[in-house]
Structure formats: structure tokens, C-alpha cells
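Worksheet for the structure shown next.
The values are calculated or read from the model by the stated rules, or taken from the named source; none is laboratory data. What you see is a predicted model, and the numbers here were worked out from it, not measured in a lab. Neighbour counts are summed over all protein chains in view; Cβ atoms, including those assigned to glycine, are modelled from backbone coordinates with ideal geometry.
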Amino acid sequence: MGAAAAVELTGFVMGAEEAERAAAAAGVASVKDLLPLLVPSAMKRARVPISRFPVGAVGLGASGRVYVGVNLEFAGVPLSQSVHAEQFLVANAAAAGERALRAVAVSHMPCGHCRQFLQEIRGAAGISILVTSDAAGEGRTPEWRTVASLLLRPFGPHDLLPENVPLVLETHDNPLGDLTAAPAVANGFAAGGGDLEARLKEAAAAAARGSHAPYSECPSGFAVADGDGRIYAGGCLESAAYNPTLGPVQTAIIAMVAAGGGPVEDVEAAALVEKEGAAVAQEAMGRIFLDAVAPRASFLVYKYKPSDA
Ligand code: THU
Ligand code: ZN
């Protein structure tokens, strides 16, 4: 590959044919070789009020689609709630129904948490990684390497789960049972009922059904609405090592950013769906997050009974 020029992105997902066309136009041999050319454009979409250190990641799915990830930081919230570019990419691919990830080009060397988070993907060891800042200044072209080479002897899902349990990019349809009729209302005022409230509840419930919670068995989903009534939702994406887990608040914000929405301060109403008496509960984190970034937002919490109750 020669010194091909950077290519501008138009969104956070690129269709397979669009990606093929962009690769041809850029003069590279394959969509895989296009990925590093998209990284500078991805980096511009990072939201980094704390570090001012934008990270961009661009991945190729088995479907041929291309997914973008950026890092997200939230002023006023603990650092542990930050989203890494690689995590954003996986959440973005999962939300689009992508079944496998083939290759990822990323601006900086993936950290330990990200190497661990990638283990939630079946076949993670064989995913190709290229770090665009690698060998910078030495005049060499960065090389593809495998995730296996970055994380030797990994701890992963199958240290805790049987082989056949769905992993993060596989189909999830968690049974929720009935949602309690009366939601808890926080932050001073109710959303006023009606259509928006019903849509938020349904979006949060759908996200909880699709969430990846095999370790806690506490599926959860979060939905946010902006001032124009647009709704974005996400479910928790757990990690076998627990701490790299993305909570439902984070994945809802990922969905908002990926759809071109935001800023996060625009959130006017939010809803959480989670298990009653959950061993891993999200309500308090949802409140902390909203208090910090969108303190006027209404917050409705719906609980479902454990399905074996
Ligand atoms: N960051 C990533 O997005 N990926 C990595 O693996 C390295 C670190 C982000 C997290 C934080 O927003 C900033 O870079 C500084 O650590
Ligand atoms: Zn990381």
C-alpha cells in the first residue's frame, strides 16, 4: 500500500457497497486497507472535554459494513464512565446486528481494558488490528497484527460461561416479564406521560432485551430523548472481567452520538428498564450521570420481575 490519502466519513456506519466504492476511489486493494485511511476522520468525532486526546477506531464487519468508534468523556462524572473508541465501535456494530468483526484500524495502541473488552467477541483472537500511529516518525507503514498477539493467554467469556451462550455480537432476546406499571420518578418532575414516555419505555425495554448480560443476569436498557423528541437507546454490554463493561447509560449515549445527535446536554428525558432487586443495578448511575450532564432531564425507572419469579 502506498501513501494513500485520508478519506472523510459521513457517519458512524458505512454500507458494504459504499465501503467497496470508497476503497476503489482511494486506490487501495480492499476495504480492510481503507480502514486506516478513515481513522483521521473518525478522530474528529471524539468528544473529549477532559483529556483533549481524541481516539478513533474503524472496523470491518463480516457483513462488509464499516463501523466507527470514538472516545467519549463526560465532565462531572467518574472517569470509569468514559467510553473508549474500541468499545464504541463494538457497541455500534452490536446495535447494527453485525455478527463478527474482521479487522480494526485505530489511532492509538488499544489499552488493556479494550484488549479485554474485545474478548467478548467470538473469535476475538483472530481479529486484525492496525495502529495508525505505530512506527510514526520511523517512516515505516504500520502492520496488521492479531488481537491474540496483543493479549497473550486471555481471560475470557468461557472462563465463566458454557461455549453456547451468545456472545456480544450474537442474538440476544432476554425475557423481561411485566414492567411495573408505576415508574419511579426522579429529578423533580415527570415526563408528563403520553407518547414520549411510552416511546422511551419501549426503547429502553427493547434495549434491555437485546443487552449482553450473561455474567450478572441483570439485563438493562436505557433510553434518552432530545429536545426534538428523537430517542436513542442502548443496553448493557458486559465483560467477563466485569470492569471493562459498558453500562446502558453509556451505550445509549453511544447510540445518540452514532446517530449524529447530541450534545449530551440536549437530553430532556430518560428511561431505564432493569430487573427488580437487581444484583447489578443501574438506577443510581443513571441518576449520577443525568445530574452531571443534563440536570433538568426527567428520569423514569421501570422494573421487571425476575423471569424465574
Ligand atoms: N482511549 C481510548 O479510546 N482507547 C484506548 O484504548 C486508549 C485510551 C481514550 C480513553 C480516554 O478518553 C483517553 O483516550 C485518554 O486515556
Ligand atoms: Zn481502551
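Here are the numbers for this structure:
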read-out	value
Exclusive hit being free of Cβ contacts under 8 Å to residues at least 24 places away in the same chain and assigned to a helix (DSSP H, G or I), set A292, A284, A252	A284
Only one of V31, V83, V48 that is within 16 Å of ligand 1 (Cβ to nearest atom) and over 30 Å from R209 (Cα atoms)	V48
Qualifying position, being more than 27 Å from D291 (Cβ to Cβ), among the small types (G, A, S), more than 15 Å from ligand 2 (Cβ to nearest atom) and modelled with pLDDT of 95 or more, among A103, A57, A95, A124	A103
One residue from S107, S80 being surrounded by fewer than 18 Cβ atoms within 10 Å (Cβ to Cβ), outside the structural domain of P248 (by TED's automatic domain parsing) and either farther than 22 Å from H158 by Cα or touching a Leu at 6+ places or on another chain (Cβ under 9 Å) (or both)	S80
Residue list for the range 1-21, filter: within 22 Å of E143 (Cβ to Cβ), in contact with a helix residue (DSSP H, G or I) (Cβ under 8 Å, 6 or more places away or on another chain) and either in a helix (DSSP H, G or I) or not β-branched (V, I, T) (or both)	M1, A4, A5, A6, A19
Matching entry among L176, L161 (being touching a helix residue (DSSP H, G or I) at 6+ places or on another chain (Cβ under 8 Å) and not aromatic (F, W, Y))	L176
Qualifying residues in the range 57-74 (those that are within 12 Å of ligand 1 (Cβ to nearest atom) and among the hydrophobic types (A, V, I, L, M, F, W, C)) - the one surrounded by the fewest Cβ atoms within 10 Å (Cβ to Cβ)	F74
The one condition in (1) in contact with an Asp or Glu (Cβ under 7 Å, 6 or more places away or on another chain); (2) surrounded by fewer than 18 Cβ atoms within 10 Å (Cβ to Cβ) that A240 fails to fulfil	(2)
G97 vs. criteria free of Cβ contacts under 8 Å to residues at least 12 places away in the same chain and under 18 Å from the mean Cα position of the chain (by Cα)	yes
Yes/no for A284 being closer than 14 Å to V77 by Cβ, small (G, A, S) and not assigned by TED's automatic domain parsing to the domain that holds Q116	yes
